[in-house]
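Trainee: Attaching a single structure in C-alpha cells format; questions to follow.
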Ligand code: FES
C-alpha cells in the first residue's frame, strides 16, 4: 500500500483554527490524524459510526476523502450532517484537507 498521494507527497491535514498541520499516511482516518497531532476530537463509540460526536466540517479537500460508506451515510442522515460535514472516524484521507469543529 502506498503511503503517499498520487503526486508522491504525503497528504497534509490542517486543523483550523488550531494552526496544526500534519503529514499523514494515505488511507488514515481524520480522527486518527487528529489523535496523532494531539488535536482533541469528540468520540464516544470508538469509530463504530454511531455517536456522531466526531463530526468535522471540511473547509477544503472534500474530494480528497473516501466516499461515505453506508454506515456513514446512515449516521449523516440520523445526525443531520450538513453537506460539508463528515464523520472523522470513518472518512479516510487521500490528499490534502482542512477541517474544523465548533469547539477548537
Ligand atoms: S466516534 Fe462515534 S461516530 Fe465517529
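The values are calculated or read from the model by the stated rules, or taken from the named source; none is laboratory data. Being a predicted model, the structure only gives us computed values, none of them experimental. Every residue, glycine as well, gets a Cβ built from its backbone with ideal geometry; the counts of neighbours run over all protein chains shown.
Trainee: Restricting to the range 60-96, name every residue that is within 13 Å of the ligand (Cβ to nearest atom), in a loop (DSSP other than H, G, I, E, B) and within 20 Å of residue 20 (Cβ to Cβ).
Mentor: 88, 89, 91 - these are the residues of the range 60-96 that are within 13 Å of the ligand (Cβ to nearest atom), in a loop (DSSP other than H, G, I, E, B) and within 20 Å of residue 20 (Cβ to Cβ).
Trainee: Okay, moving on. So for the range 70-85 (the condition being without any contact (Cβ under 8 Å) to a residue 24 or more places away in the chain, within 18 Å of residue 28 (Cα to Cα) and more than 10 Å from the chain's Cα centre (by Cα)), does at least one residue qualify?
Mentor: Step one: of the range 70-85, the residues without any contact (Cβ under 8 Å) to a residue 24 or more places away in the chain are 70-73, 76-77, 80, 83.
Still in the running and within 18 Å of residue 28 (Cα to Cα): 71-72.
Cutting the leftovers down to more than 10 Å from the chain's Cα centre (by Cα) gives us 71-72.
For the range 70-85, residues without any contact (Cβ under 8 Å) to a residue 24 or more places away in the chain, within 18 Å of residue 28 (Cα to Cα) and more than 10 Å from the chain's Cα centre (by Cα): present.
Trainee: So which residues in the range 23-53 are touching a strand residue (DSSP E or B) at 6+ places or on another chain (Cβ under 8 Å) and outside any loop (DSSP other than H, G, I, E, B), if there are any at all?
Mentor: Selection gives 23, 29, 30, 33, 34, 36, 37.
Trainee: Further question on the same structure: Please work out if residue 17 is surrounded by fewer than 13 Cβ atoms within 10 Å (Cβ to Cβ), more than 10 Å from the ligand (Cβ to nearest atom) and in contact (Cβ under 8 Å) with a residue 40 or more places away in the chain. Spell out how you get there, then give the answer.
Mentor: Details: surrounded by fewer than 13 Cβ atoms within 10 Å (Cβ to Cβ): yes; more than 10 Å from the ligand (Cβ to nearest atom): yes; in contact (Cβ under 8 Å) with a residue 40 or more places away in the chain: yes.
It is true that residue 17 is surrounded by fewer than 13 Cβ atoms within 10 Å (Cβ to Cβ), more than 10 Å from the ligand (Cβ to nearest atom) and in contact (Cβ under 8 Å) with a residue 40 or more places away in the chain.
Trainee: Identify, from the list 99, 56, the residue that is under 22 Å from residue 9 (Cα atoms), part of a strand (DSSP E or B), within 15 Å of the ligand (Cβ to nearest atom) and in contact (Cβ under 8 Å) with a residue 24 or more places away in the chain.
Mentor: 99
Trainee: Among the residues of the range 8-22, write down those that are at pLDDT 95 or above and either farther than 11 Å from residue 97 by Cβ or outside any strand (DSSP E or B) (or both).
Mentor: So the first thing to find is which residues in the range 8-22 are at pLDDT 95 or above, and the list is 10-17.
Selection gives 10, 11, 16, 17.
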